[in-house]
1. Condition test on G135, is it touching a strand residue (DSSP E or B) at 6+ places or on another chain (Cβ under 9 Å), at pLDDT 95 or above and at positive phi?
2. Return the residues of the range 299-319 that are assigned to a loop (DSSP other than H, G, I, E, B), β-branched (V, I, T) and crowded, with 22+ Cβ neighbours inside 10 Å; say none if nothing qualifies.
3. Restricting to the range 201-231, give me the number of residues that are within 29 Å of the chain's Cα centre (by Cα), more than 18 Å from A269 (Cβ to Cβ) and open to solvent by 40 Å² or more (accessible area, probe 1.4 Å).
4. V107 passes all but one of (1) within 16 Å of the ligand (Cβ to nearest atom); (2) of a type in the set (A, V, I, L, M); (3) more than 20 Å from the chain's Cα centre (by Cα); which number fails?
5. Go through (1) touching a helix residue (DSSP H, G or I) at 6+ places or on another chain (Cβ under 6 Å); (2) closer than 30 Å to V341 by Cα for W70 and report which single condition fails.
6. It is to be established whether one or more residues within the range 343-353 are within 20 Å of F128 (Cα to Cα), in contact with a Pro (Cβ under 8 Å, 6 or more places away or on another chain) and open to solvent by 10 Å² or more (accessible area, probe 1.4 Å).
Amino acid sequence: MKLKSAAILLSGLLLGNLSLAQQHSEQNHSKYVAPTDPLVQQKLAKWQDVKFGLLMHWGTYSQWGIVESWSLCPEDEGWCERKGPHSHDWYEYKKAYEDIPKTFNPVKFNPERWATAAKNAGMKYVVFITKHHDGFAMFDSKYTDYKITNTPFKSNPKANVTKEVLAAFRNQGFMTGTYFSKPDWNNEFYWWKYFPPKDRNVSYDPKKRPELWNKFKDFTYNQIEELMSDYGSVDILWLDGGWVRPFSTIDPNISWQKSIPYDQDIDMAKIAKMARSHQPGLLVVDRTVTGEFENYVTPEQSIPDHYMSIPWESCMTMGDSWSYIPKENFKSTQKLVHTLVDIVAKGGNLLLNVAPGPDGEWHEEAYQRLEEMGKWMNVNSVGIYETKPLAPYRQGKWAYTKKGNTTYAFYLADAGEKLPATLKPEGLTLAPKAKITFAGNKKALKVKDGAIEIPAKSAGEIGLQPAYLFVID
Ligand code: GLC
C-alpha cells in the first residue's frame, strides 16, 4: 500500500511540527545543568566545534511514505492522520502497520555513499534513528522480534543497518550518535493490551502497576545497553519522547508537559551510568528533560532568535518531513547555508535530517543539496568549524563568528544578489587598517568610511554565493 496524499500529509506535518517546535522553545534554558565529568566536558567541547551533523529518520514507515510512527497514536491530530484502506479501524491499522516488516527490503542500502556525501558537505557527526516511537528496532535487538533483522532484508550481509551506518560514518571520521525513542508503542509493557491506548503515553498508571512498568524499564535499559556495547564507539545517546519522564521534572509552565497523565520514570541515572560504563564521556541528550541528563538542548525545526550560551543544536529537515515521502519539497541550498550560518553565529549546531526511502536510498536532490553545500563549505568553513560566536551574533543580513583574533563576517545575500560596491557590516566597527579578504581569495579589501570596498574584479572572482564570508584580522 502506498499512501498518495503527500500534500495533505505535508501541510499536516508542518502544523504538527510547528507546535512541537514551540514546545521546545518553551523550555526553560536557565535550568541547564553543565556536566561535571571531565570526559563528558571534553566531548561536549569537541561536539560544539564540529557544528554540522546529519540526522536520519528511517523505518518501516518509510515504505508507506507517511509521517514516522505518529499515525499509530490515538491522538486526534490532523498532521498524522491515518490514511489508506485500514484507517477506519485502529486495531486493523496497527496490525497492517506492524506487518510492514514482512515486505521491508531496502536492497539499495549503501551507507558508504551517505557517509561520503555527508562528509563532502562538511558534516562531521551523524545521529541515526535506531528506534522510533513505533518500537521497530533498526538494529538486531534480542529483546524484540519487531526488528530489521526479521524482514526479507535479514539475509543481506548489511542487515543490521544501525551497525553498518555507524561503522560507515565512523570510518570517515564522524562522531556518531544513536537516536532512541523512550516510549515504545509496540511493547506490551508500554501499551499494555488490557487497556486500549488513549494517547502517546503508557496505557496504564505505572504507580498502580509497578510490575509492568519495571518490565518496561528493564526492556529499555537492555536495548540501550545493546546499542552502547555492541555497536563500536558511540558519542551521543539522543533520547526522544520527552513525555517519558518523572513527574518531578514536569515544568508546569510548559503546556504539553502539564498534560502528561502519569509518572513515567525510566531511571535515567541508571541508564546513563550503564551507558557511560561502555562509552566513557558519552553525551546524553534526554530531550526536554532539563537536568543532568540533557547535556545539550535541542530546539526542533526552529532557530532561536538570539544567541544562547548553553550547548544547543537545532534539528531540522532538509525537506518538509522527518521521514521519507515520495514527493519531498527540499529547501534551497541558499536557505540551508543561511540556516547553518545563523545557527553557528548564535552558538549552536545544525543537525540536518535526510530521510532514506524504502529501498534504502535518498532522493537525488538530497545528494545535490549536500554537494552544493560542500562547494560553499570548501571555501567558507574556516568561519564555521571551531569558531566561537561574536556579538552582535546576528544582525540584519550579517552573522559573526571568531577564532583567536580573527573575525568572520558573513553576509547572507538574497537569492541572486550580486555584491554591491561597498558593504557595511551591521553592528561591527571596522578599524580603518583592518586586514580584510574574502575567504578563499588573497586580495586585500579596503575600508572606507566604515564600509568594505568591493572592486568589481574581486566580486567577479568570487562569483554568486549563497553567503559571502569576509575574514577580518
Ligand atoms: C518531532 C517528530 C518526531 C521526530 C522528532 C525529531 O518531534 O514528531 O517524530 O522524531 O521531531 O526531532
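The values are calculated or read from the model by the stated rules, or taken from the named source; none is laboratory data. The structure displayed is predicted, hence computed values, not measured ones. Quick reminder, even Gly has a Cβ in these numbers, built from the backbone with ideal geometry, and neighbours come from all protein chains shown. What goes into the accessible areas is simple: the full protein's heavy atoms, side chains included, and nothing from ligands, DNA or RNA. Shrake-Rupley method; radii C 1.70, N 1.55, O 1.52, S 1.80 Å.
1. Working: touching a strand residue (DSSP E or B) at 6+ places or on another chain (Cβ under 9 Å): yes; at pLDDT 95 or above: yes; at positive phi: yes.
Yes: the conditions hold for G135.
2. Going through the range 299-319, the residues assigned to a loop (DSSP other than H, G, I, E, B) turn out to be 299, 301-311, 318-319.
Of the ones still in play, those that are also β-branched (V, I, T) are 303, 310.
Those that are assigned to a loop (DSSP other than H, G, I, E, B), β-branched (V, I, T) and crowded, with 22+ Cβ neighbours inside 10 Å: none in the range 299-319.
3. Final tally of qualifying residues: 2.
4. That leaves (1) as the condition not met.
5. (2) is the only condition that W70 fails.
6. no
Yes or no, residue by residue, for (1) aliphatic (A, V, I, L, M); (2) free of Cβ contacts under 8 Å to residues at least 12 places away in the same chain; (3) not in a strand (DSSP E or B):
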| position | (1), (2), (3) |
| --- | --- |
| Y221 | no, no, yes |
| G232 | no, no, yes |
| L239 | yes, no, no |
| W243 | no, no, yes |
| N253 | no, no, yes |
| A272 | yes, no, yes |
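One line per residue, one yes/no per condition, for (1) within 16 Å of the ligand (Cβ to nearest atom); (2) open to solvent by less than 10 Å² (accessible area, probe 1.4 Å):
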| residue | (1), (2) |
| --- | --- |
| T339 | yes, no |
| G360 | no, yes |
| E372 | no, no |
| I384 | no, yes |
| L390 | no, no |
| K402 | no, no |
| A409 | no, yes |
